[in-house]
Amino acid sequence: MRLFVALNLPPPVREALWAATARLRDLELPVKWVRGEGVHLTLKFLGDVADAQEGELAAALARAAAGGRALSLALGGFGVFTQKRRPRVLWVGIAPEPGLEILQHRVEQEFAPLGFPTEARPFRPHVTLGRAARDARPVAFSGLEEALGRVEFTATALVSGLDLMESTLQSGGAVYHVRHSERLP
């Protein structure tokens, strides 16, 4: 199974974000867009995991969520990772939130003893909207910076669950399925 730990956004926020980014998708950029129903905030990517590990992963998820709380996340501002001339990932940002930082740190701490090393890069909360094709040429992204600046979207999402997600890669993009969920009181 290909797994990750995430916070899933409420359906009305996902739908509003999908609608707000329609213009970007209409540009026909060489980007594989995340399906609207799959929009989420990844806290830790686990990768390929044996089925036999699922029980201990669910227990780690429960420990990470324990003592946590529901989070109010402010979404807004669009950008790319690496560079606008040749992006790898298009995203919408999430404003700094101490509770989110603490939760992400707890996830790292609970999953590290299970063979999932802590991330070396600093946590930069964002919601991935799409990933650029690896073979795309920079000229294919001309006008992207201007287009990102024209997208208007801000939302607050109340997130009350921490989820262990499965990602199934398909020709039309990844399909996500919640394997385990823990409530954030």
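The values are calculated or read from the model by the stated rules, or taken from the named source; none is laboratory data. Note that the structure is a prediction, hence the values are computed from the model and not measured. Neighbour counts run over all protein chains shown; Cβ positions are idealised from the backbone, glycine included. These accessible areas exclude ligands, DNA and RNA; they are computed on the full protein's heavy atoms, side chains included. Shrake-Rupley method; radii C 1.70, N 1.55, O 1.52, S 1.80 Å.
Here is a check on your reading of the model: is residue 111 crowded, with 17+ Cβ neighbours inside 10 Å, modelled with pLDDT under 95 and not small (Gly, Ala, Ser)? Criteria not met by residue 111. Look at (1) at pLDDT 95 or above; (2) touching a Pro at 6+ places or on another chain (Cβ under 8 Å) and you find that residue 81 fails only one, number (1).
Out of contact with any Asp or Glu (no Cβ under 7 Å at 6 or more places or on another chain) and basic (Lys, Arg), is that true of residue 35? Yes: the conditions hold for residue 35.
Inside region 148-164, residues that are surrounded by 11 or more Cβ atoms within 10 Å (Cβ to Cβ) and either in contact with a Gly (Cβ under 9 Å, 6 or more places away or on another chain) or modelled with pLDDT under 90 (or both) make up a count of 5. Within region 76-101, the set of residues being open to solvent by 60 Å² or more (accessible area, probe 1.4 Å) and part of a helix (DSSP H, G or I) comprises 98, 101. Cβ separations smaller than 9 Å between residues 6+ apart or across chains give the following pairs from region 166-178 residues that are on the phi > 0 side of the Ramachandran plot to residues that are among the aromatic types (Phe, Trp, Tyr) and surrounded by 11 or more Cβ atoms within 10 Å (Cβ to Cβ): 173/33. Looking across region 70-112, the residues that are more than 17 Å from residue 42 (Cα to Cα) and touching a residue at least 24 places away in the same chain (Cβ under 8 Å) come down to 84, 85, 86, 87. Considering only region 116-137, I want to know if a residue exists there that is within 21 Å of residue 35 (Cα to Cα), without any contact (Cβ under 8 Å) to a residue 40 or more places away in the chain and either hydrophobic (A, V, I, L, M, F, W, C) or not in a strand (DSSP E or B) (or both). So far as region 116-137 goes, yes, one or more of its residues are within 21 Å of residue 35 (Cα to Cα), without any contact (Cβ under 8 Å) to a residue 40 or more places away in the chain and either hydrophobic (A, V, I, L, M, F, W, C) or not in a strand (DSSP E or B) (or both). Restrict the check to region 154-163 and report whether at least one residue is part of a strand (DSSP E or B), among the acidic types (Asp, Glu) and within 15 Å of residue 107 (Cα to Cα). Checked against the condition, which is being part of a strand (DSSP E or B), among the acidic types (Asp, Glu) and within 15 Å of residue 107 (Cα to Cα), region 154-163 yields at least one hit.
Taking into account only those residues within region 11-53 that are among the β-branched types (Val, Ile, Thr) and modelled with pLDDT under 95, which is nearest to residue 132 (Cα to Cα)? Lay out the reasoning, then the answer.
Initial filter on region 11-53 (among the β-branched types (Val, Ile, Thr)): 13, 21, 31, 34, 39, 42, 49.
If we keep only those that are modelled with pLDDT under 95 too, we end up with 21, 31, 34, 39.
On the way: 21: 15, 31: 4, 34: 11, 39: 16 Å.
Here the residue is 31.
Just wondering, is there one or more residues in region 50-69 that are free of Cβ contacts under 8 Å to residues at least 12 places away in the same chain and closer than 21 Å to residue 149 by Cα? No, there is no match, as no residue in region 50-69 is free of Cβ contacts under 8 Å to residues at least 12 places away in the same chain and closer than 21 Å to residue 149 by Cα. Would you confirm, using the coordinates I've provided, whether residue 23 is over 29 Å from residue 109 (Cα atoms) and in contact (Cβ under 8 Å) with a residue 60 or more places away in the chain? Yes: the conditions hold for residue 23. Quick one: in region 134-147, which of the residues that are aliphatic (A, V, I, L, M) and over 13 Å from residue 26 (Cα atoms) is least open to solvent (accessible area, probe 1.4 Å)? Per the criteria, the residue is 136.
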